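S.K.: The structure that follows is given in the form of structure tokens.
The values are calculated or read from the model by the stated rules, or taken from the named source; none is laboratory data. Only a predicted model underlies this, so the values are computations on that prediction, with no experimental measurement involved. All Cβ positions, even for glycine, are placed from backbone atoms using ideal geometry, and neighbour counts span all protein chains on display. Remember, those area values only see protein heavy atoms, side chains included, never the ligands or the DNA or RNA. Shrake-Rupley method; radii C 1.70, N 1.55, O 1.52, S 1.80 Å.
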Amino acid sequence: MDSLINRSRPPVFCPGCTHERVVHALDQTLSRMGLAANRVAIVSDIGCSGLFDTFFNTHAMHGLHGRALTYATGLKMANPGLTVIVTMGDGGLGIGGAHLLAACRRNLDLTLLVLNNFNFGMTGGQSSATTPSDALAASGFLNRLEKPLDVCRLVAAAGAPYAARCSGLDKGLAQEIERAVAFEGFAVLDIWGVCTGRYTKRNRLTPAMIRETIDSMPGGGGAIRENQRPEYAAGYAAARAALAPPQPPVEIKARFKPLVRGRHEVVLMGAAGQRIITAGEILAMAAMGAGLQATQKNEYNITVLRGPSISEVIVADAKIGYTGMETPDIILALAQEGVDRRRRSFANLPPGSLVLCAADVALPDCRAQIRRIDFKKRGIRPADRALASLAMLAASQRIVSTPMLMAALKQRFHGQVLASARKTVQRAVER
Ligand code: SF4
């Protein structure tokens with residue numbers, strides 16, 4: 001197969017830069033492997049290595065510094081048939097270190113070519129994650145205080161099944177790249193080279209020195225026996241195929257006559273553990289059972305069993321464009337934490353509005369009609385206050401009716417939970 005080099009944009013680097021050799025070696029690899037241009041994606045990020053995707057007539061993706069592996073992961077998962085090759089410099093590798101670790105743990109069939117020239121070349125020769133401690137860099141003494149990363153040892157420790165180290169100045173570069181691309185799984189090739197524009201202006205680094213250092217280092221020989229395991233996309237596809245098909249969304253048929261016209265806003269103010277959000281959902285479902293539109297917005301803490309829990313439900317006989325609360329018609333004040341969180345809501349309540357308020361909750365001043373409820377006396381647990389309040393609303397034909405509420409419960413709950421919810425509704429309206 002012919003070269004896949006983009007003739008309208010031939011590679012241009014500083015004279016003697018190893019990157020240019022890597023471009024041609026990669027091209028040879030792709031040709032030797034017979035990979036068609038439309039079956040290859042080259043993914044890069046920022047830096048001189050980030051120019052690679054523009055030099056080839058393949059699919060290409062170029063993104064934020066250090067993030068190339070994340071884009072490559074998305075591409076490969078969406079299209080497992082693609083050969084995805086990622087180029088990153090040692091600068092981007094350090095910046096996106098967590099993505100590198102994730103890729104090692106995951107073992108998706110990607111090839112990462114690390115164009116390792118021991119500095120941020122494009123931005124002027126600052127030290128990177130692999131700059132030797134004794135090197136001179138444009139960023140001053142910083143690298144003298146840090147230990148450089150050994151890419152191969154790092155990725156091996158993180159679970160990569162393939163890690164090889166090679167010189168970009170050696171003759172066998174194309175074969176090294178081919179071995180990495182042919183490997184089924186995440187393959188990292190740490191290609192050492194010279195940045196003639198920056199690094200070797202201040203530091204002596206010859207091809208022989210690179211070869212000698214590589215030969216003296218442990219690891220970096222390719223496949224890592226202890227990290228071999230099934231490739232991620234294949235495992236993902238198998239696990240997904242074994243899952244039960246997803247349930248279709250619940251269809252709520254309009255079986256009841258609506259009780260209201262226009263737009264109505266209900267706020268449930270309670271505490272975590274009071275099933276406020278579930279009650280909001282039940283109210284919305286009950287309204288939808290009469291062909292009404294409904295929206296629900298919730299606010300709750302990250303904590304469990306502590307902190308305010310709020311649910312805002314809007315019910316309307318027309319499309320709801322704006323889902324923010326303007327002037328609630330009804331507030332269910334079920335716990336002090338919820339009321340304290342939304343004290344301002346009470347200031348604008350119009351005279352016709354209603355507050356159903358638990359006996360142990362103190363309310364701010366407001367113009368609404370207030371109905372106090374002693375849930376304890378009615379034998380209703382704090383966790384059932386929200387549902388009991390809906391039952392009281394329904395019994396007085398506010399927003400929804402009792403049959404609408406019961407139908408929503410039947411759709412939302414089953415078995416013991418449904419039986420217990422029905423009991424709560426009965427108890428709430430008994431006296
Ligand atoms: S700055 Fe360094 S890495 Fe960039 S093109 Fe020049 S030699 Fe190559």
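S.K.: Quick one: would you say ALA254 is assigned by TED's automatic domain parsing to the domain that holds ILE191, of a type in the set (A, V, I, L, M) and outside any strand (DSSP E or B)?
M.R.: Taking the combined requirement at face value, the residue does not satisfy it.
S.K.: Tell me the residue from ARG225, ARG255 that is over 31 Å from the mean Cα position of the chain (by Cα) and farther than 23 Å from ALA408 by Cα, please.
M.R.: Of the residues listed, the single one that is over 31 Å from the mean Cα position of the chain (by Cα) and farther than 23 Å from ALA408 by Cα is ARG225.
S.K.: Can I ask one more? Would you mention how many residues in region 30-58 are away from the ligand (no atom under 16 Å from the Cβ) and under 30 Å from the mean Cα position of the chain (by Cα)?
M.R.: So the answer is 7.
S.K.: Right, next: If MET392 passes every condition in (1) free of Cβ contacts under 8 Å to residues at least 60 places away in the same chain; (2) out of contact with any strand residue (DSSP E or B) (no Cβ under 8 Å at 6 or more places or on another chain); (3) of a type in the set (A, V, I, L, M, F, W, C); (4) assigned to a helix (DSSP H, G or I) but one, which one does it miss?
M.R.: In the conditions (1) free of Cβ contacts under 8 Å to residues at least 60 places away in the same chain; (2) out of contact with any strand residue (DSSP E or B) (no Cβ under 8 Å at 6 or more places or on another chain); (3) of a type in the set (A, V, I, L, M, F, W, C); (4) assigned to a helix (DSSP H, G or I), MET392 misses (2) alone.
S.K.: Among the residues of region 1-29, which ones are away from the ligand (no atom under 15 Å from the Cβ), in a helix (DSSP H, G or I) and touching a Phe, Trp or Tyr at 6+ places or on another chain (Cβ under 8 Å)?
M.R.: Selection gives LEU26, ASP27.
S.K.: Mind checking which pairs have a first residue in region 342-369 that is charged (D, E, K, R) and a second that is surrounded by fewer than 20 Cβ atoms within 10 Å (Cβ to Cβ), Cβ under 6 Å, 6 or more apart or different chains?
M.R.: ARG343/PRO364; ARG367/PRO351
S.K.: Any residue in region 123-135 that is in a loop (DSSP other than H, G, I, E, B) sitting within a Cβ distance under 7 Å of a residue that is acidic (Asp, Glu)? List the pairs, counting only those 6 or more apart or interchain.
M.R.: Every condition considered, the pairs that remain are SER128/ASP90; ALA129/ASP90; THR130/ASP90; SER133/GLU146.
S.K.: While we're looking at this one, here's another question. Residues of region 361-387 being small (Gly, Ala, Ser), under 12 Å from ALA333 (Cα atoms) and either out of contact with any helix residue (DSSP H, G or I) (no Cβ under 8 Å at 6 or more places or on another chain) or open to solvent by less than 20 Å² (accessible area, probe 1.4 Å) (or both), which ones?
M.R.: Result: ALA386, single match.
S.K.: Could you grab me the full set of residues in region 194-229 that are among the basic types (Lys, Arg) and either more than 20 Å from SER133 (Cα to Cα) or in a loop (DSSP other than H, G, I, E, B) (or both)?
M.R.: Result: ARG198, ARG204, ARG225, ARG229.
S.K.: Can I ask one more? Which residues, taken from region 59-72, are open to solvent by less than 20 Å² (accessible area, probe 1.4 Å) and not aliphatic (A, V, I, L, M)?
M.R.: GLY63, GLY66
S.K.: Tell me, which residue of region 73-105 that is closer than 18 Å to MET33 by Cβ and open to solvent by less than 40 Å² (accessible area, probe 1.4 Å) is nearest to the chain's Cα centre (by Cα)?
M.R.: Taking the candidates together, the pick is LYS76.
S.K.: Which one of ALA164, ALA174, ALA180 is in a helix (DSSP H, G or I) and within 17 Å of ALA103 (Cβ to Cβ)?
M.R.: ALA180
S.K.: Right, next: Quick check, is ASN119 buried (at least 20 other Cβ atoms within 10 Å of the Cβ) and assigned by TED's automatic domain parsing to the domain that holds GLN28?
M.R.: yes
S.K.: Give me the residue from region 106-116 that is part of a loop (DSSP other than H, G, I, E, B) and open to solvent by less than 10 Å² (accessible area, probe 1.4 Å) and, out of that set, farthest from the ligand (Cβ to nearest atom).
M.R.: Here the answer is ASN107.
S.K.: Find the residue count for region 1-56, including only residues that are of a type in the set (D, E, K, R) and modelled with pLDDT of 95 or more.
M.R.: 6
S.K.: Just to be sure I understand, how many residues within region 74-105 are under 14 Å from ALA160 (Cβ atoms) and not in a strand (DSSP E or B)?
M.R.: 9
S.K.: Taking the criterion of being among the hydroxyl-bearing types (Ser, Thr, Tyr), at pLDDT 95 or above and over 25 Å from ALA347 (Cα atoms), would at least one residue in region 284-299 satisfy it?
M.R.: Scanning region 284-299 turns up no residue that is among the hydroxyl-bearing types (Ser, Thr, Tyr), at pLDDT 95 or above and over 25 Å from ALA347 (Cα atoms).
S.K.: Kindly indicate the residue of region 326-345 that is surrounded by fewer than 17 Cβ atoms within 10 Å (Cβ to Cβ) and basic (Lys, Arg) and also modelled with the highest pLDDT among those meeting that condition.
M.R.: Only one residue tops the list, namely ARG343.
S.K.: On to the next question. State which residue is least open to solvent (accessible area, probe 1.4 Å) when the search covers only region 165-208 and only residues that are among the charged types (D, E, K, R) and away from the ligand (no atom under 16 Å from the Cβ).
M.R.: ARG165
S.K.: Specify the residue that is farthest from the ligand (Cβ to nearest atom); the eligible residues are those in region 122-164 that are buried (at least 23 other Cβ atoms within 10 Å of the Cβ) and among the polar types (S, T, N, Q).
M.R.: Checked region 122-164; the qualifying residue farthest from the ligand (Cβ to nearest atom) is ASN143.
S.K.: Give the residues of region 272-313 that are of a type outside the set (S, T, N, Q), open to solvent by 10 Å² or more (accessible area, probe 1.4 Å) and assigned to a strand (DSSP E or B), sorted by residue number.
M.R.: Those that are of a type outside the set (S, T, N, Q), open to solvent by 10 Å² or more (accessible area, probe 1.4 Å) and assigned to a strand (DSSP E or B): ALA294, LYS297, GLU299, TYR300, PRO308, GLU312.
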